[in-house]
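Student: Following this message is one structure expressed as structure tokens.
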Amino acid sequence: MKIELLLGDEAVALAAIHANIGGAFSYPGTPATEIFEFIEGHARRTGKISARWSANEKVAYEEALGMSYAGRRSIVSMKHVGLNVAADPFINSALTGVNGGLVLVVADDPGMHSSQNEQDSRYYGEFAQIPVFEPANQQEAYDFTREAFEVSERFGLPVMVRMVTRLSHSRANVRVLADDEIPEGHSECLPRPDPNNWTLVPTNARRRFRRLLTMQPVLQEWSEKLPQNALKLTGRRGIITSGIAYNYVCEALGGRGDSSLLRVATYPLPVEKIRNLVGHCEEITVVEEGYPFIEKRLNGVLGVAGKAIRGKLSGALPLDGELTPDAVATALGVPFRQPTAAIDDLTGRPPALCRGCPHADTFKAIIDATAEYPDTILFSDIGCYTLGVLPPYKAVHSCVDMGSSIAMAHGAAQAGAFPVLCTIGDSTFAHSGMTPLIGAARANADITVLILDNATVAMTGSQETMATGPELLELLKGLGVPAEHLHVIEPLAKNHEQSVARLSQAIHHRGLSVIVAQRECIQTRRKAVVQKPAAKAACASCEP
Amino acid sequence: MEQNLILAGVGGQGILTIARGISTVAMRRNLHVKQAEVHGMSQRGGAVQSHLRIADHELFSDLIPAGRADMVVSVEPLESLRYVQFLSDSGVMIVSTNASMNIENYPAIEQILDRVAAFPRHVLIDADRLAKAAGSVLAANIIALGAASLFLELDPHELEDAVAEMFAAKGDKVVQVNRQAFRLGRNAAAAYRDGLQRGGTSRAVRSWIDGLGVEDLSGPEPPPPPKFDDVDLVKNRLTGAEATAFERTLLRAYEEDRRPLYEHEVYMLVELLGAISPPRYVFVPKDSLISREALDQFPGERVVLKLVAQDVTHKTEADGIVFVPKDYETVRRELERLVARHAHTARVAGVLVVEFVERTQPGFGNELFVGVRATREFGPVIAAGLGGVDTEYLATKMKPGIAVAKACATDTTAEEFLELFKNTAAYDILAGRARGHRRIVSDGELLRCFRAFISLARHFCIDRGAEGPDVAELEVNPFAFRQQRMVPLDGRGRLGTAAKRPLPRPLEKVRRLLEPRAIAVLGVSSTAMNFGRIILNNIKDCGFPVQHLHVIKEHEPQIDGVACRPTIKDLPESVDLLVIAAPATAVPQITRSVVASGKVGAAIMIPGGLGETEGSEEIEKQIRLAIAGGREQQDGGPVFLGPNCMGVQSRPGRYDTFFTPQSKLDTRWSAAPRRVALISQSGAFIVSRLSNLETLDPALSVSLGNQIDLSLADLVAAVGEREDIDVLGVYVEGFTNLDGLDFVRAVRRIAAAGKTVVFYKAGRTPSGRSAAAGHTASVAGDYDVCLAAAANAGALVVETFKEFEQLVYLATALHAKPARGLRLGAISNAGFETVGMADATIGQDYHLEMATLSDASKQRLVQVLATHKLDKLVNARNPLDVNPMATDSAYEDCLRVLLESPEVDAVVASLVPLTPQMLTTPDEITRPGSLVERLPKLFAAAGKPVVVNIDSGSLYEPMARALRAAGVPVFRSADQAVRALGRYLCQRVQWQQGRSATTDTHDVPLPKAQPDVVEPVKT
């Protein structure tokens, strides 16, 4: 064994590598991005693992599933809202089952550090009726992920590992296998089962669903017996906690007190242990990160007679936002002493577009081109350009989900709104902007679509994009955008007048116009400037 | 062991690198580590923080519970305050003082630092400065790590090594920079801690550390702190934090591609300068709202709403100011209305909500404006005067210097500027000297304000190269006053590009240009009498040794007895001077070969059409390039006078390149040189003056032309230091970049040496004015500043060509006569003149008094009058009207009495020559006993300044001319004579007083003044 300082995300990734996966699949999304990136780095060095960004989470899941069917272990990682996109294959894969181990890592974002909601992925696990691991710390992120592959293959089911931002983006010492301790195996394809299992025509599907249902007691028993779902019965006050919330409980109690404690590490819930604890205690505090998943089940419709159940539903802990050690300690009645009060009159410091960002120039052009229309609607999408909602631009009127802007614009145009514009990044467009654009093109929707092509996935740290530059233009034509209403602008201060003119022209055209604002992201540009000389030298030495 | 750290900053400041350094070492020590990071959206310039925990036992929470942090380490001061609730009882705040100002309403930086300094355990360090000193501003995070290492239970050497490993991939240089940064940070933190221990205040300790260099802070131990007794250590200077805040405010506007600074930015800047307290203000960006809480914090019942838009400069006129009651709903409504009113015509950034200032004594004259701006010719200037909307009006209607005081900020102390300001009407009112006013501001407050603005001008209104944007203009207009404190009511600033100083010229070559050992002439025609040939002959005729005179010409052995050489390279000796009289188009090539030859010290470029005319810019550019090439040579290369000039007439140098034929202007080459030089941008100006002042016989005349290389200041400096020159007459139209400043400095040196500079500045048209310019540019335009600065430096600034001639002549003639006082003696044979002379004793820029004769003097006068039988006609008093009956000898004797009277410091001897009693016509003046014979002797013997006036027509010109030829300054109008003498005397006496003031302490005796009584002149 050796000890490494790893992010929660990196611990997951390293576990997958040590589990001899054949491939990793993902679309960038905070806080899950680093899982794939870590494996990608490893893959680049060793060439043993296939690791390429996918166009979106659904594609990523399906690629992973395909690899699993083919007999290799695969990992697919995404942020919580990414699973909404991948929900279709995910739910169905529980019926088809897997061949090589398939582990889905979902990183939730309680507190919405970088997300549009704080949905709790444990519901998806329950919905699909598959096993879920919920690690509390980086060590468990490593251990559980390795175990998840075993469990996946043992039960022939996809397995979810549920992470949260705080764990994903926090480092700690992790005991990991040394290189020579990594078990061999799983690098060959497993034999393929009957393909009828994977073909969910009704007859097969009914059979496979019954199989999933019959698996449930097996999973229940597995979870029940797992030592990580640890129960300690002492005092009459009980605590049920799961995932990262367990750390806050430990921090608050600091080894003191005689509360009985059940720590939940896997789902389906270890119900017997819960019953034991509830039977033993008069008051049970449920501490969990995310929605009150456990607490709700404990309460049911009527609650538990004679017992006080405290948690997010009771108001002991906040229903929204991220847990903090202080909130947990207060809920447990052992608040931390705080000698200095927080200062609340400090000027805020919101994020902003980078200095020199091409989007800034695009927004300036949009503002000037739409100045004469006070009723302009601008639908936007997920990416850096969502920051156009902040001063000084205040130009953005929506940000709902990946790829939504074009379809929403189309909808608004059908309601008779004018002018209707939408902005979408090149990567978001590839993720899920193409399908709505095909529809808008067929209908010749009276909208102006701005594709902000900065040639990268900027928001999540400059990952590779799917279609950019001339390729993107060809793609747009292929989707049915008429060439005469497809314009390119270069968002630069010196081109401002020209950009405004192009935009005005597009707005005046009562039909579909697409404007591609082409300029590389200032961040990747900066990095390229720094890195180029080295890259050149490498190329020169490659040459014979 | 357990240590919990909050690391804070702004996205991009590298706080995760700090965390990584600490974690690496902790891991090696087998400690448990928890390090929570922030990724994603918040990194885009937003607030970022990281929780870092290290312990020798298991750690649970990734987040530090409130009250359990041992340190808050912040690379940004405001950000440090966001996390104080985490700090434990014994926790330390380790904070960089450098503000990251990418947000509106960033508070005054020292107020933030005061809040940090209120924590019993804290360290404030100027991480940016130290990082720069270490080699890269990017290393500010490592400075913070070094500072934190002082409180970490980890080995600093291991930490430093971990830093080195982190940067190993970026090369050795980066590693060394970061190692150095670590050490500087650690030592600076230790020094700060020790300084506080020693009893220094945070400001004092930081100020001490600001002055420490890399060598002081990179040793194994921090430097020992001084005693912090000297409070002056921190007075009147920006702290490092303030300088950074200032810089970043400017940078922000610059990066927004905005030249005007917003009013609240100006407030912030002047607030940083100290001594000035802006009213409470909150900037509300467009489409935002002020909070009820923020509004409640405003004192008083009313607030002022001011439009903030870069294209609206005069807010009052533009309907951009609203006074509203301090009621939330009203303010909110008015805010929106104000923005809506202007949204379509201006680039509205938002609205400034400002406290309504109840002032002491509102009303006319009770507002002050103070501004600084960058001028091209004089560098940074400061101006102060009556403020408010009437500033410009008052400035145009009032005498210069009365409405506005102005000076070069680089060369003026706050105390000196206050003295200038005391001459203004504004001061009379503010200091309660005007009737009906009481003092509303103290001199100390004014001094602090001036000091701040001067310091600002010196640091920011200059060409700062890559260091940051230059401030073109920054002013507060007006300041109001409350309780003797200055409160800005409006402010404005603008970024710009300040003038770049050209490379300095090697001045030794200018000295040699004036007295060359060898001369070459290029452009001499062998067939025609062209300019080159006239110049060649003039030089020869002046007596320049022919063996050291050369002509550059191919295919000719000699011209007019002077040997020719085909090229410059072929010269048998190096020449101090090359005269280039070739056509303009040939000059670039000639310049290149001059520079390449290494044989020429200085060159005069005679031809015009080199830059000053349309289409010749390219030629000029090439010449400039060639000259700049020479500057890279070890000796600085050759210097160039001109082009478009007449060159030099040098009597000591025995040469003349002026190409005026002798028949048009008698150069009187045989006359002895007088101790005066004329330096002029225009050659024609010189020859016109020489034609008028036909007996001036200056030792040197220099025509500068376009100043492509040698500038006015170069020549004034070189000529002014010569021992054979006492008086300089200077005419200029425009200065090269910052040459005005150098000129003023040269004048100050020359004047301090007791010499006289008479100065005419052409180009009175208002410059620097535009719709966007502030008041400072309007009331302290380049011309105004030039005159004020030259006068402050001790030049006699004249406004007419006539006055120029008079003063140059007068100063030359009188230089040897000590000027001891301002008591004037006046004599005339006409009553109107004595009255007129008495009337003229007080002028705008001089102040003489009529001497009161002592009884002894009166008695002597009575005797003299009696001798000449004039006692019945003439009263023995000053001014003395000797009556038309006075003869030449009577006049002489009376004049002598005045000259010998100790109560008389200077004398104007005036006469109406139309009297039959005197020998004054051209026939008469040659006879013995005429005043033309008598006066020169009297003048020569006089130990005090004397001027003569002959008010009459051309018939008497020979008399005047004869006297001038004998060295007597002669005027043709009595009032002008008094005025010229008055101006001259005032300047001389001031110098004399300055000298005695400075020599008092040094015990250096003054040159013995002439005896009070002159030797009797024998008749």
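Every read-out reported here was derived from the displayed coordinates using simple, explicitly stated rules and does not represent laboratory data. Because the structure is predicted, anything quoted here is derived from the model rather than measured. Neighbour counts are summed over all protein chains in view; Cβ atoms, including those assigned to glycine, are modelled from backbone coordinates with ideal geometry.
Student: For every helix of n ≥ 4 consecutive DSSP H residues, a contribution of -39,500 (n - 2.57) applies; sum these over chain B, divide by its total residues, and give [θ] at 222 nm rounded to the nearest 500 deg cm²/dmol.
Tutor: -11000 deg cm²/dmol
Student: Could you tell me the ratio Rg/Rh of the stretch A:155-297? Both radii from Cα atoms, Rh via Kirkwood.
Tutor: Rg/Rh: 1.06.
Student: May I ask you to evaluate 6.51 cos²θ - 1.76 cosθ + 1.60, the Karplus curve with θ = phi - 60°, for each residue of the stretch B:757-762 and list the ³J(HN,Hα) values in order in whole Hz, giving x for glycine and proline?
Tutor: Using θ = phi - 60°, the values come out as 10, 9, 10, 10, 10, 8 Hz.
Student: Between helix B:782-793 and chain B, what is the angle of the helix's C-alpha long axis to the longest principal axis, kept within 0 to 90° and rounded to the nearest 10?
Tutor: The helix B:782-793 is inclined about 70 degrees to chain B.
Student: Scan around A:ALA107 for amide H atoms under 5 Å from its own, H built in the peptide plane at 1.01 Å from N, and keep only partners 5 or more places away or cross-chain.
Tutor: Amide H neighbours of A:ALA107, under 5 Å, 5+ apart: A:MET78, A:LYS79, A:HIS80, A:MET163.
Student: In vacuo Debye scattering of the stretch A:2-225, one point per C-alpha: log10 I(q)/I(0) at q = 0.09 Å⁻¹?
Tutor: Reported log10 I(q)/I(0), two decimals: -0.32.
Student: Hey, another quick one. Round to the nearest 0.05 the FRET efficiency obtained for B:HIS314 and A:PHE127 when R0 = 56 Å and r is the Cβ-Cβ distance.
Tutor: Efficiency computed from Cβ-Cβ geometry: 0.25.
Student: Amide H of B:VAL912 versus every other amide H placed in the peptide plane: which residues, excluding those fewer than 5 positions away on the same chain, fall under 5 Å?
Tutor: HN-HN under 5 Å from B:VAL912: B:ASN829, B:ALA830.
Student: When Rg is the radius of gyration of the Cα atoms in the stretch B:879-979 and Rh is its Kirkwood radius, what does Rg/Rh come to?
Tutor: Rg/Rh for the stretch B:879-979 comes to 0.92.
Student: Mind checking which lysines have their C-alpha under 29 Å from B:LYS944, skipping anything on the same chain fewer than 8 residues away?
Tutor: Of all the lysines, those that pass the test against B:LYS944 - Cα under 29 Å, at least 8 places apart if same chain - are B:LYS755, B:LYS802, B:LYS817, B:LYS858, B:LYS869, B:LYS1008, B:LYS1018.
Student: Just tell me which lysines come within less than 19 Å, Cα to Cα, of A:LYS394; anything on the same chain fewer than 8 places away is out.
Tutor: Filter leaves A:LYS364, B:LYS286.
Student: Once the Cα atoms of helix B:156-166 and of chain B are each reduced to a long axis, what angle between those two axes, in degrees from 0 to 90 to the nearest 10, is obtained?
Tutor: 90 degrees
Student: Turning to a different aspect of this structure: Where does helix B:240-255 land angle-wise versus the long Cα axis of chain B, in degrees 0 to 90, nearest 10?
Tutor: Relative to chain B, helix B:240-255 is tipped by roughly 80 degrees.
Student: Nearest 0.05, what FRET efficiency do A:ASN444 and A:ASP375 give at R0 = 25 Å with Cβ-Cβ as r?
Tutor: About 0.75, to the nearest 0.05.
Student: Obtain the radius of gyration and the Kirkwood radius of chain A from its C-alpha atoms and give Rg over Rh.
Tutor: 1.01
Student: Over all residues in B:25-35, what is the mean tally of Cβ atoms on other chains that come within 10 Å of each residue's Cβ?
Tutor: Mean number of neighbouring Cβ atoms from other chains: 3.
Student: Output the antiparallel fraction of DSSP beta bridges having both residues in chain A, as a percent to the nearest 5.
Tutor: Bridges in chain A are about 15 percent antiparallel.
Student: Mind computing the radius of gyration and Dmax over the alpha-carbon atoms of chain B? Å is fine for both.
Tutor: When restricted to the Cα atoms of chain B, Rg and Dmax are 36.2, 123 Å.
Student: Let me ask you something else. If you line up the Cα atoms of the stretch A:304-355 on their principal axes, what length do they span on each, largest first, in Å?
Tutor: 60, 30, 16
Student: How large, in Å, is the stretch A:395-499 by the Kirkwood hydrodynamic radius built from its alpha-carbon pairs?
Tutor: 14.3 Å
Student: Same structure, new question: What value in Å³ per residue do you get for the convex hull of the alpha-carbon atoms in the stretch B:397-552?
Tutor: 240 Å³
Student: Pairs A:LYS2/A:LYS225; B:LYS540/B:LYS621; A:LYS232/A:LYS307; B:LYS621/B:LYS664; B:LYS397/B:LYS422: which exceed 24 Å Cα-Cα?
Tutor: Violating the 24 Å limit, Cα to Cα: A:LYS2/A:LYS225; B:LYS540/B:LYS621; B:LYS621/B:LYS664.
Student: Right, something else. For peptide A:162-169, what's the mean number of Cβ atoms from other chains within 10 Å of each residue's Cβ?
Tutor: Mean shielding by partner chains, rounded to a whole number: 3.
Student: Looking only at Cα atoms, what is the convex hull volume of the stretch A:1-73 per residue, in Å³?
Tutor: It comes to 86 Å³ per residue, whole-number rounded.
Student: Using helices alone, I'd like the mean residue ellipticity at 222 nm for chain A: each DSSP H run of four-plus residues gives -39500 (n - 2.57), total over residue count, nearest 500.
Tutor: Computed ellipticity for chain A at 222 nm equals -13000 deg cm²/dmol.
Student: In nanometres, what is the gap between the two model label sites at B:LYS500 and B:GLU419, each 7 Å from Cα along Cα-to-Cβ?
Tutor: Using points 7 Å along Cα→Cβ, the separation is 3.7 nm.
Student: Here is a further query. What ratio of Cα Rg to 2.2 N^0.38 Å holds for the stretch B:1-60?
Tutor: The reported ratio for this selection is 1.16.
Student: Another question about this same structure. Within the stretch A:60-119, report the GluC sites (Glu not before Pro) that DSSP leaves as loop and that have at most 16 other Cβ atoms within 10 Å.
Tutor: none
Student: Work out Dmax and Rg for the protein assembly as shown from the C-alpha atoms and quote the Rg first, both in angstrom.
Tutor: Computed over the Cα atoms of the protein assembly as shown, radius of gyration and Dmax are 44.2, 153 Å.
Student: What percent antiparallel are the DSSP beta bridges of chain B, to the nearest 5?
Tutor: If we restrict to bridges inside chain B, about 50 percent are antiparallel.
Student: A further question follows. Dividing the alpha-carbon radius of gyration of the stretch A:97-224 by 2.2 N^0.38 Å (N being the number of residues), what value is obtained?
Tutor: Ratio of Cα Rg to 2.2 N^0.38 Å: 1.21.
Student: Please identify which residues in the stretch B:48-78 have an amide N closer than 12 Å to a label point set 7 Å out from the Cα of A:LEU346, following the Cα→Cβ vector.
Tutor: B:48-50, B:72-78
Student: How big is the stretch B:141-226 along each principal axis, measuring the range of its Cα positions in Å and listing the largest first?
Tutor: For the stretch B:141-226, the Cα spread along each principal axis is 43, 27, 20 Å.
Student: I need the phi-derived Karplus couplings for the stretch B:504-520: 6.51 cos²θ - 1.76 cosθ + 1.60, θ = phi - 60°, integer Hz, Gly and Pro marked x.
Tutor: x, 8, x, 6, 4, 6, 5, 4, 6, 4, 6, 9, x, 7, 9, 10, 10
Student: Let me ask you something else. Between B:ALA466 and A:VAL488, what FRET efficiency follows from the Cβ-Cβ distance if R0 is 35 Å, with the result rounded to 0.05?
Tutor: E(calc), rounded to 0.05, equals 0.50.
Student: Roughly what would the spin-label model give for A:ASN495 and B:GLU58, points 7 Å off Cα along C-beta, in nm?
Tutor: 5.8 nm
Student: What is the mean projected area of the alpha carbon convex hull for the stretch A:230-331, to one decimal in square nanometres?
Tutor: Result: a mean projected hull area of 5.8 nm².
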